[in-house]
1. Got a sec? Which of B:352, B:326 is in contact with a strand residue (DSSP E or B) (Cβ under 8 Å, 6 or more places away or on another chain) and within 30 Å of residue B:219 (Cα to Cα)?
2. Would a scan of segment B:313-333 turn up a residue that is in contact with a helix residue (DSSP H, G or I) (Cβ under 8 Å, 6 or more places away or on another chain) and closer than 30 Å to residue B:141 by Cβ?
3. Checking the conditions here, which among A:172, A:180 is in contact (Cβ under 8 Å) with a residue 12 or more places away in the chain and either buried (at least 17 other Cβ atoms within 10 Å of the Cβ) or under 17 Å from the mean Cα position of the chain (by Cα) (or both)?
4. Before we move on, is residue B:179 within 14 Å of another protein chain (Cβ to nearest Cβ), assigned to a loop (DSSP other than H, G, I, E, B), touching a helix residue (DSSP H, G or I) at 6+ places or on another chain (Cβ under 7 Å) and more than 25 Å from residue B:19 (Cα to Cα)?
5. Kindly evaluate residue A:78 against the criterion of being buried (at least 18 other Cβ atoms within 10 Å of the Cβ) and in a loop (DSSP other than H, G, I, E, B).
6. Going through segment A:3-14 one residue at a time, which ones are at the interface with another protein chain (Cβ under 7 Å from one of its Cβ atoms) and either within 21 Å of residue A:145 (Cα to Cα) or surrounded by fewer than 20 Cβ atoms within 10 Å (Cβ to Cβ) (or both)?
């Protein structure tokens, strides 16, 4: 395991993951959903804020919040994971936000369909991509920029792709993009541009730094690489028992326990989850519950566990219906992305545990 | 600067500080207030939850949430800071939650006075301390425990010491102690026991591990040390300009800027704040605004700054009316507590900055 630098610690102190015990909640309470902010959280006055829709459109449009809320609203419960989740488990070490495995959360997002807003402006036949630009400004790859990412036009027109103004029944909190953010269910977090300022229809693919430098699977700076898009499958267990403060090693009493956790994939429904208590040497199947929160949210799984005294290493792995399976450990890439290697939890099974 | 271990990173990924740009807000939005959870966030069913008041009382009492909400309510806006804030800046390195300087937040807390609840049970003349025990269980100092801390009886009877059930106008979020937590304005965060289960009047001082091992200023394991109590003065600036993603170095255009920040002390009102742009070689006074949020909350300060091109190191330091002043750097102690050394912000003043 590498040691972490001051620069990485500065990011880890600002941003945060989901405390894994909160996996017990089907929808993540506000403040516990993972958070990754590239620059600063912008201060937005909702009274003067406007969304501009321009570029390859029939008529440039602006919307205030009231106008957006007057359009038909749509709700999606979606699990969102950072593309950098698992980065710290890769070797050699990749310097950036140092996630272990906790960069995930599930929100009940409400807003208007991107489709409805684009139709109001009229999409020109020349349009091929939709660019979403936020109000968050900073310097990255040596370049001053507003955070901006594009989607293929066809994806942007999907009925579950939203401009979200509510999270869990209330206005977006500042840190999640107040007053408006993009939500693309199933895609890694960077897709879901926060603090939206502008939607621009493009006649050519976007080549901004968050599209062509960041968020690509590549091994050298010289190659273009493949863009990251949908979340790979992952299962995470609620750590059983109680933690030791500093090491987070768990103490569990011997005997029968019901393990529980959540699993998700942006590619296809979860087909199966296996669990292990010997660090992945042997596995047994968990019971995967129906997708009660809809197609875009994680599913709960449970597994009976007979805990025998001694030091155990719990693990779990998910497989989705497209055939994707979590690897034991993810493979290195330049940006440290998409490491969906299996979770490990060290547990001391001891009669002393409360 | 030390490097950070995996164990410390596990804590940093769960817990989080205040993103410093959010110092612009007088009351910290939910999810941005610093968070330090020793063990796991307990799952509490508010329907079956009860608060027990026992020990040196005339009659043991239990309260459900409805009974507590029926008592007279009281609101306090309070700034709360972790006793470990600044720990990573100490040398030699102290291994624990690795805070830089961001472990702070200000909440609008509403609840019932501890005094009113104790009076309902009747305080026996034998009582000298009040013990607050939470539902959060874990292992620390080699000992399984529920998080528990005591207060001197006289302090517990203070009219601003609350059992809080609301934060910023809504029920406490799970991570801040739902359904009930202690609030002791002016004291470091560990005082404010979350997920309260029991209040016990004691005839002798409490000697639990969070009272006699943790949260004491000491230099060796052998000495008793002094207990931590009230927050030392500290000022923090909103970092001006825009950040570089990885280093958090700021870019600012040359010319006149209005710096702003917040300052607080648990000992006395803030008397003065000074700022520097040459790493503390020279200082000039900031304008400190009146305490509009009450006596227990931070105050805003502003300072004109004429930014000249080049690399600058901004700093600020607070002095309170008791005469306490922030040191340039805090001094080492075994637990890494109470380091209120001055904040530094590296700024590149450049005409290219947006």
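The values are calculated or read from the model by the stated rules, or taken from the named source; none is laboratory data. Here the structure is a predicted model, which is why all the values come from computation and not from measurement. Using ideal geometry, Cβ is built from the backbone for each residue, glycine included, and neighbour counts are taken over all protein chains shown.
1. Values: B:352 fails: within 30 Å of residue B:219 (Cα to Cα).
Among B:352, B:326, only B:326 is in contact with a strand residue (DSSP E or B) (Cβ under 8 Å, 6 or more places away or on another chain) and within 30 Å of residue B:219 (Cα to Cα).
2. Going residue by residue through segment B:313-333, those that are in contact with a helix residue (DSSP H, G or I) (Cβ under 8 Å, 6 or more places away or on another chain) are B:329-330.
Among the residues that remain, those that are also closer than 30 Å to residue B:141 by Cβ are: B:329-330.
Looking for residues that are in contact with a helix residue (DSSP H, G or I) (Cβ under 8 Å, 6 or more places away or on another chain) and closer than 30 Å to residue B:141 by Cβ, one finds at least one in segment B:313-333, hence yes.
3. On the way: A:172 fails: in contact (Cβ under 8 Å) with a residue 12 or more places away in the chain.
Exactly one residue qualifies, and that residue is A:180.
4. Details: within 14 Å of another protein chain (Cβ to nearest Cβ): yes; assigned to a loop (DSSP other than H, G, I, E, B): yes; touching a helix residue (DSSP H, G or I) at 6+ places or on another chain (Cβ under 7 Å): yes; more than 25 Å from residue B:19 (Cα to Cα): yes.
For residue B:179, the condition - within 14 Å of another protein chain (Cβ to nearest Cβ), assigned to a loop (DSSP other than H, G, I, E, B), touching a helix residue (DSSP H, G or I) at 6+ places or on another chain (Cβ under 7 Å) and more than 25 Å from residue B:19 (Cα to Cα) - is met.
5. On the way: buried (at least 18 other Cβ atoms within 10 Å of the Cβ): yes; in a loop (DSSP other than H, G, I, E, B): no.
For residue A:78, the condition - buried (at least 18 other Cβ atoms within 10 Å of the Cβ) and in a loop (DSSP other than H, G, I, E, B) - is not met.
6. Within segment A:3-14, A:3, A:5, A:6, A:7, A:10, A:14 qualify.
Residue-by-condition table, conditions (1) touching a strand residue (DSSP E or B) at 6+ places or on another chain (Cβ under 6 Å); (2) within 30 Å of residue B:235 (Cα to Cα):
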site: B:10; (1), (2): no, yes
site: B:69; (1), (2): no, no
site: B:94; (1), (2): no, yes
site: B:98; (1), (2): yes, yes
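Conditions (1) touching a residue at least 40 places away in the same chain (Cβ under 8 Å); (2) more than 8 Å from chain A (Cβ to nearest Cβ); (3) more than 26 Å from residue B:295 (Cα to Cα), marked per residue:
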{"position": "B:18", "(1), (2), (3)": "yes, yes, no"}
{"position": "B:30", "(1), (2), (3)": "yes, no, no"}
{"position": "B:62", "(1), (2), (3)": "no, yes, yes"}
{"position": "B:78", "(1), (2), (3)": "yes, yes, no"}
